[in-house]
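Undergrad: My structure is below; once you've seen it, I'll send some questions.
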Amino acid sequence: MSKEKSVSLEEHFENIEEIIGAMETGDVTLDQSFELYKNGLEEIQKANAILDSMEQAMLKLNENDELEEF
């Protein structure tokens, strides 16, 4: 049973930038562009999930100077 490596938000952003760079070169076929696009969407979804969990974990001070979830 293999354990999936945890990928950081920064790594997802780097992957997205690489995918965009590959698509912008114009040296890819239509099929390759479609695969890159799908991979990019998956990376964006994973990054959004990390951002959502970070947002939920953030705390703020309320008007009574108590910490509460953001």
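The values are calculated or read from the model by the stated rules, or taken from the named source; none is laboratory data. None of the values given here were measured: they were computed from a predicted structure. Counting neighbours? That spans all protein chains shown, and the Cβs are built from the backbone with ideal geometry, glycine included. Only protein heavy atoms, including side chains, enter the accessible area calculation; ligands, DNA and RNA are left aside. Shrake-Rupley method; radii C 1.70, N 1.55, O 1.52, S 1.80 Å.
Undergrad: How many percent of all Cα-Cα pairs in the chain sit more than 15 Å apart?
TA: 65
Undergrad: Now for a separate question. Ignoring trypsin sites (Lys or Arg not before Pro) that are buried or in helix or strand per DSSP, and keeping those with at most 10 other beta carbon atoms within 10 Å, what is the longest stretch of the chain between them?
TA: Longest run free of exposed loop sites: 6-70.
Undergrad: Sticking with this structure for a sec: Given a 1.4 angstrom probe, I'd like the percentage of the accessible area of the chain that is carbon and sulfur, rounded to a whole number.
TA: Within the chain, the accessible surface is 53 percent carbon and sulfur.
Undergrad: Rounded to the nearest 10 Å², what accessible area does S33 show when all protein chains are kept and the probe is 1.4 Å?
TA: 30
Undergrad: In addition: Compute the angle between helix 30-57 and the longest alpha-carbon principal axis of the chain, please, reported from 0 to 90 degrees and rounded to the nearest 10.
TA: For helix 30-57, the angle is close to 10 degrees.
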